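Enquirer: Can you read through this structure? Questions will come right after.
Rule-based calculations on the coordinates, nothing more; no lab input. The structure presented is a predicted model; accordingly, all values stated were derived computationally and were not measured. Cβ placement follows ideal geometry from the backbone for every residue including glycine, while neighbour counts extend to all protein chains displayed.
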Amino acid sequence: MHFIGGEKGGVGKSLMARLLAQYFIDHGQPFLAFDSDKTHGALMRFYSSYSSPVVIDDYQSLDVLIELAAAEPARRILVDLAAQSQQALARWMADSRLLELAPELNLELVYWHVMDNGFDSVELLRKLLDEFGQKIKLVLVLNQVRGERFALLEASGQRARAELWGARSMSLQRLADATMHKIDANSRSFWAALNNGGGTEGTLGLLEQQRLWAWVKRVYEDLDRIAP
């Protein structure tokens, strides 16, 4: 079960969720996706055939995810968390004793902490580590949307702390704004954007497709290393 979080709005949580969904599709890995954003759900928009809504502050809605995971262990469950939903998620986990129950269900819980290079993301990582410690598998996604350097993260010691507890890290390089805007404006999956035929109105040109392909390939190489 993969939770895509980071608490802070605009750090790229939904972008990472979309990339994971496309990765699962391209690698023939069965999965179900759930979107907790009530107003701007990216998975519901870009991968609607695989996605359903979920209400993070509704225990019954979240319980369904565990039932689905237990029913078919080979199938991945992907949950795109809205901003400021970590507290509700942690409360549900604690009240349900999910961290203790997961090994009995042969269920691995993975939290993808998407962050930019600002102070808020570092502080949110600290709180996440205080909350879960070594109890959950953690992946740090360093989104370079605002810059390639993560000096505040390195200086804080939180990355070293996370990696000491087994966390993995990956970088998410920035894709050209114009290319991403075209993809988003047409509500296309990444597969559709790469296979829409170059040059027609509202679609990616030949070189844009090449840049998108190279960008996706780099992400997949990181995901292969992490083995989601």
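Enquirer: Take the Cβ-Cβ distance between Ala70 and Phe119 as r, set R0 to 41 Å, and report the resulting FRET efficiency rounded to the nearest 0.05.
Expert: 0.55
Enquirer: Then there is this: Amide H neighbours of Arg174 under 5 Å, at least 5 residues apart or on other chains, H built in the peptide plane: list them.
Expert: Gln144
Enquirer: Tell me, in nm to one decimal, what length is gained between Ala227 and Gln134 on full extension, where the rule is 0.36 nm per residue of separation less the Cα-Cα distance?
Expert: 31.6 nm
Enquirer: Determine the relative contact order of segment 2-174: mean sequence separation of Cα pairs under 8 Å and six or more apart, normalised by residue count, in whole percent.
Expert: It rounds to 25 percent for segment 2-174.
Enquirer: Only sites in a loop by DSSP and with at most 10 other Cβ atoms within 10 Å count here; which GluC sites (Glu not before Pro) in segment 142-219 make the cut?
Expert: Glu148, Glu201
Enquirer: Another one. GluC sites (Glu not before Pro) within segment 83-140: which are DSSP loop residues with at most 16 other Cβ atoms inside 10 Å?
Expert: Here the sparse-neighbourhood loop sites are Glu104, Glu108.
Enquirer: Tell me, Met93, Met115, Met44 in order of fewest to most beta-carbon neighbours within 10 Å?
Expert: Ascending Cβ contact count within 10 Å gives the list Met44, Met93, Met115.
Enquirer: Taking 0.36 nm per residue of sequence separation and subtracting the Cα-Cα distance, how much length would be gained by fully extending the chain between Ala192 and Tyr220, in nm to one decimal?
Expert: Length difference between fully extended and current span is 8.4 nm.
Enquirer: Counting Lys and Arg as +1 and Asp and Glu as -1, what is the net charge of the other residues whose Cβ lies under 9 Å from the Cβ of Gly5?
Expert: Result for the local shell: -1.
Enquirer: Tell me the trypsin sites (Lys or Arg not before Pro) within segment 123-228 that lie in a loop according to DSSP and have at most 15 other beta-carbon atoms within 10 Å.
Expert: For trypsin sites (Lys or Arg not before Pro) across segment 123-228 that sit outside H, G, I, E and B with at most 15 neighbouring Cβ atoms in 10 Å, the list reads Lys135, Arg146, Arg149, Arg174.
Enquirer: Please turn the phi angles of segment 209-226 into ³J(HN,Hα) values with the Karplus equation 6.51 cos²θ - 1.76 cosθ + 1.60 (θ = phi - 60°), one per residue in order, whole Hz, x for glycine and proline.
Expert: Listing the rounded values in order: 4, 5, 5, 5, 4, 5, 5, 4, 4, 5, 4, 4, 4, 5, 5, 4, 5, 7 Hz.
Enquirer: So, one more: Rank the residues His40, His2, His113 as a footprinting-exposure proxy: fewest other Cβ atoms within 10 Å of their Cβ go first.
Expert: Ordered by Cβ neighbours within 10 Å, fewest first: His40, His2, His113.
Enquirer: Taking the number of other C-beta atoms within 10 Å as the exposure measure, put Leu206, Leu99 in order starting with the fewest. Walk me through the intermediate numbers first.
Expert: Values: Leu206 9, Leu99 13.
In increasing order of surrounding Cβ atoms, one gets Leu206, Leu99.
Enquirer: Taking the Cα centre of segment 72-177 as origin, work out the dipole magnitude from +1 charges on Lys and Arg Cβ and -1 charges on Asp and Glu Cβ, in debye rounded to 20.
Expert: Dipole magnitude for segment 72-177 comes out near 140 debye.
Enquirer: Explain nothing, just compute: Karplus ³J(HN,Hα) = 6.51 cos²θ - 1.76 cosθ + 1.60, θ = phi - 60°, for every residue of segment 19-25 in order, whole Hz, x for Gly and Pro.
Expert: With the stated coefficients, segment 19-25 comes to 5, 5, 4, 5, 4, 4, 4 Hz.
Enquirer: Select from Thr39, Thr179, Thr203 the residue whose mean-square fluctuation is largest in a Gaussian network model of the chain (Cα-Cα springs shorter than 10 Å).
Expert: Residue with maximal mean-square fluctuation among Thr39, Thr179, Thr203: Thr39.
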